[in-house]
1. May I ask you to verify whether residue 97 is among the β-branched types (Val, Ile, Thr), within 17 Å of residue 18 (Cα to Cα) and surrounded by 17 or more Cβ atoms within 10 Å (Cβ to Cβ)?
2. Within the range 126-171, work out how many residues are free of Cβ contacts under 8 Å to residues at least 24 places away in the same chain, surrounded by 11 or more Cβ atoms within 10 Å (Cβ to Cβ) and under 25 Å from residue 107 (Cα atoms).
3. Considering every residue within the range 25-46, establish whether at least one is touching a Cys at 6+ places or on another chain (Cβ under 9 Å), in a helix (DSSP H, G or I) and surrounded by fewer than 15 Cβ atoms within 10 Å (Cβ to Cβ).
4. Can you pull out the residues in the range 52-67 that are in contact (Cβ under 8 Å) with a residue 12 or more places away in the chain and farther than 19 Å from residue 33 by Cβ?
5. Looking at the range 49-68 only, could you name the residues that are within 24 Å of the chain's Cα centre (by Cα) and among the charged types (D, E, K, R)?
6. So which of 123, 84 ends up being hydrophobic (A, V, I, L, M, F, W, C), surrounded by 12 or more Cβ atoms within 10 Å (Cβ to Cβ), closer than 21 Å to residue 20 by Cβ and at pLDDT 95 or above?
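The values are calculated or read from the model by the stated rules, or taken from the named source; none is laboratory data. Just so it is clear, the model here is predicted, and its values are computed rather than measured. Here the Cβ is made from the backbone with ideal geometry for all residues, glycine too, and neighbour counts use every protein chain on show.
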Amino acid sequence: MIERYTLPEMGAIWSEQAKFQSWLDVEIAATEANCELGRVPAEAVATIQQKASFSVERILEIEAEVRHDVIAFLTNVNEHVGDAGRYIHVGMTSSDVLDTGVALQMKASVQLLRQELDKLANALRELARAHKGTVMIGRSHAIHGEPITFGFKVAGWLAEVVRNHRSGLSAWSGW
């Protein structure tokens, strides 16, 4: 991402730290599921939940040697959890972790975009109300048309935002 064009919150979602955290979240969830299936001892899951951690710098250091990002990540996590680490990544592929981790980051990105769209809609709503009596020249086929208010024009933009929001994100509430 180009930093100057990125919201800091969005940049944080796509940082190396957040990427590895999403991987760790996936690995812990998979380990918990394997425990529920009787494949992993509860004590190991508790240890993993309490001690699982990573260092971006350490992962990159290991990756330079092993030339595999997921192996480097798992090696670093295992440095923190000890023997319980043998139950991490059981029955999974690297793609399982990468794809699910990206899905978690995408979900967080969509949540942030929804918050930003809420802010846009609220700003448009306020602007429309503030200018409901501000007269301006209307436009029709790129020429002057009947006078309208600027508030009416902004209300049209708001309606478009709301319509697009509802059609693309039908589960989004608060509109």
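1. Yes: the conditions hold for residue 97.
2. 4
3. yes
4. Let us first name the residues in the range 52-67 that are in contact (Cβ under 8 Å) with a residue 12 or more places away in the chain, namely 52-56, 58-60, 62.
Listed by number, the residues that qualify are 53, 54, 55, 56, 58, 59, 60, 62.
5. The one that is within 24 Å of the chain's Cα centre (by Cα) and among the charged types (D, E, K, R): 57.
6. On the way: 123 fails: closer than 21 Å to residue 20 by Cβ.
Only one candidate passes the filter, namely 84.
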